[in-house]
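Worksheet: the structure to be examined is printed underneath.
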């Protein structure tokens, strides 16, 4: 199939370029950094330029659009305005939904587990209460709403905490922790935030498998099978990579009041598994990202 990838130079996007290009014809887009997009059919694009975006659809005519591009910063820096966040996370998503509807393409949209109320308990199902507490989560949820208002040929993935090693410029907090521990430096890790982490490699693989399945008009929790705190995730990393757990400093969410407080957005992934999309166990995913890096 023909697959258009937005955010192709991002943390997940670069792995999607690799996995999806093995089975499909892809066009991948980037804005600031090119990452590995220059190894594939790629386009430098500000997605807010809707006329150029329309030209890409009319020339490429995608069967599937995997929309990962977003402003994902929890705390905005001085170079990004609230208007930018709404423009990219909401308006671009709505425009992509309209173009997908017009060109009969499926839209796979990576939303976030952070749309859920973080105080309602464990293993949340897709119908759980929604209370996004950050601008990022709020705008991702608004993107979901725009898609559902536009058409039915979509898959909305409420994506759990992604971990692994980024390619080129892309990095995540897991990689920072790993590098600090490798250099025998202490790291602070939350003991009271619980997620269902999934590796970036496993996420790309599952999306690749998902494209071939007959799924539409669905919101799906997209994460790993285990509920762990960030501290427990780091402990697992230490055990598998042979790193010193004595370097871990336990902290609580209240110790960093500048961050939005999300206590537990661990996911029930029964719906994901019902489509034959079975994520690996956490330890296996950690070993895989370590091996991939080596």
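In the Gaussian network model of the chain, springs joining C-alpha atoms below 10 Å, which of 138, 126, 102 carries the largest mean-square fluctuation?
For the chain, modelled as a Gaussian network with Cα springs under 10 Å, the answer is 102.
Run the simple label-point estimate for residue 209 and residue 73 please: 7 Å along Cα→C-beta, distance reported in nm.
3.6
Under the rule of -39500 (n - 2.57) per DSSP H run of 4 or more residues, summed and divided by the residues of the chain, what mean residue ellipticity at 222 nm is obtained, to the nearest 500 deg cm²/dmol?
One gets -11000 deg cm²/dmol as the mean residue ellipticity at 222 nm.
Whole angstrom only: what separates the Cα centroid of the stretch 274-294 from the Cα centroid of the stretch 19-94?
26
What distance in nm separates the two pseudo spin-label positions at residue 192 and residue 241, each 7 Å out from Cα along the beta-carbon direction?
2.7
To the nearest 10 degrees, how steep is helix 282-293 against the longest Cα principal axis of the chain, on a 0 to 90 scale?
The angle comes out near 70 degrees.
Let me have the relative contact order for the stretch 18-96, percent, based on Cα pairs under 8 Å that are six or more residues apart.
For the stretch 18-96, the relative contact order is 23 percent.
Just to be sure I understand: with springs between alpha-carbon atoms less than 10 Å apart, which residue in 166, 13, 242 has the highest mean-square fluctuation in the Gaussian network model of the chain?
The residue with the greatest mean-square fluctuation here is 242.
Could you check what % of the DSSP bridge pairs in the stretch 146-294 are antiparallel, to the nearest 5?
Around 15 percent of the beta bridges assigned by DSSP in the stretch 146-294 are antiparallel ones.
Which one, 14, 175, 193, has the greatest fluctuation when you compute a Gaussian network model over the chain with C-alpha springs under 10 angstrom?
Judging by the Gaussian network model, the answer is 175.
Restricting the count to DSSP beta bridges whose residues both fall in the chain, what percent are antiparallel, rounded to a multiple of 5?
In the chain, DSSP labels about 10 percent of beta bridges as antiparallel.
Relative contact order (percent) for the stretch 1-152, with alpha-carbon contacts under 8 angstrom and 6 or more residues of separation?
Here the relative contact order equals 22 percent.
How many percent of DSSP beta bridges within the stretch 73-231 run antiparallel, rounded to 5?
20
With axes computed from alpha carbons, what is the tilt in degrees of helix 50-60 against the longest principal axis of the chain, rounded to the nearest 10 within 0 to 90?
Relative to the chain, helix 50-60 is tipped by roughly 80 degrees.
Taking the Cα-to-Cβ direction at residue 185 and at residue 288 and moving 7 Å from each Cα, how far apart do the two end points lie in nm?
In this crude spin-label approximation the distance works out to 2.9 nm.
Using R₀ = 25 Å, calculate the FRET efficiency as 1/(1 + (r/R₀)^6) where r is the Cβ-Cβ separation of residue 94 and residue 127; round to 0.05.
0.60
So how tilted is helix 11-21 from the main axis of the chain? Cα-based, degrees 0 to 90, rounded to 10.
50
Distances longer than 17 Å among the Cα atoms of the stretch 243-294: what percent of all pairs is that?
Beyond 17 Å sits 67 percent of the P(r) for the stretch 243-294.
Find how much the distance from residue 22 to residue 250 grows on full extension, using 0.36 nm per residue of separation minus their present alpha carbon separation; answer in nm with one decimal.
Answer, rounded to one decimal: 77.9 nm.
Taken together, the values in this text are just the output of simple stated rules run on the coordinates, not laboratory data. Here the structure is a predicted model, which is why all the values come from computation and not from measurement. Don't worry about glycine lacking a Cβ; one is built from the backbone with ideal geometry, like all the others, and counts go over all protein chains shown.
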